[in-house]
């Protein structure tokens with residue numbers, strides 16, 4: 001099993017991409033060397049009343065500098081606290097956690113929706129095959145320029161303000177995108193649609209599930225999802241997203 005570390009990391013950069021979305025770079029040589037696309041890191045708040053760590057997906061990995069980038073939405077008191085930290089501050093983190101994406105295929109479509117967009121960036125950098133990148137937003141876009149060097153980027157917005165009006169499947173259909181594998185991360189309704197699209201078209205799909213996690217290491221069973229097969233740990237039809245995922249083949253899970 002892959003090793004994970006609990007370390008004190010130093011913040012080297014922190015900027016707001018939107019009012020509620022923050023980009024942060026941390027220096028941690030051990031985690032940067034071990035991390036893979038699709039994995040996540042648990043952040044521990046300094047406020048002692050917040051006992052549980054906040055799981056945040058890895059956005060970028062720079063092994064030469066020993067740094068990692070995280071892009072996260074401010075959704076609760078924990079992430080809001082983390083967003084107040086400054087360059088030079090330290091933070092306790094544990095990782096890399098979970099199972100990431102498997103690099104495979106000959107022609108891929110990478111799909112990110114909302115805050116599921118950041119974890120697709122490192123994958124787009126490491127996946128050295130022909131690929132199209134589809135990013136789905138409600139309205140305001142972010143990080144689109146980060147993806148441009150790694151593949152042609154297609155945008156879908158619910159309000160039609162940029163790209164295709166609709167969802168990521170609408171963007172795939174309108175642009176007639178083809179692939180032998182799909183990689184995706186985003187909200188469950190989006191992943192449900194991608195799973196159905198992949199099954200209908202005979203395309204393999206790896207999906208990264210978004211879920212509220214507690215311990216981050218598979219002990220508490222707070223983040224289970226239904227599976228086709230019986231889980232060897234719980235002996236029922238579910239699996240632990242934090243430990244066995246967050247990335248699964250689409251046919252392995254019921255959404």
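Every read-out reported here was derived from the displayed coordinates using simple, explicitly stated rules and does not represent laboratory data. Only a predicted model underlies this, so the values are computations on that prediction, with no experimental measurement involved. Positions of Cβ are backbone-derived with ideal geometry, glycine not excepted, and every protein chain shown enters the neighbour counts.
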Quick check on my filter: what residues within region 107-137 are surrounded by fewer than 19 Cβ atoms within 10 Å (Cβ to Cβ) and touching a helix residue (DSSP H, G or I) at 6+ places or on another chain (Cβ under 7 Å)? 125
Subset of region 67-80 [surrounded by 17 or more Cβ atoms within 10 Å (Cβ to Cβ) and more than 13 Å from residue 119 (Cβ to Cβ)]: 67, 74, 78, 79
Per the list (1) within 27 Å of residue 126 (Cα to Cα); (2) without any contact (Cβ under 8 Å) to a residue 40 or more places away in the chain, residue check on residue 81 breaks on (1)
Evaluate region 133-141: report whether one residue or more is more than 14 Å from the chain's Cα centre (by Cα), in a strand (DSSP E or B) and within 30 Å of residue 50 (Cβ to Cβ). yes
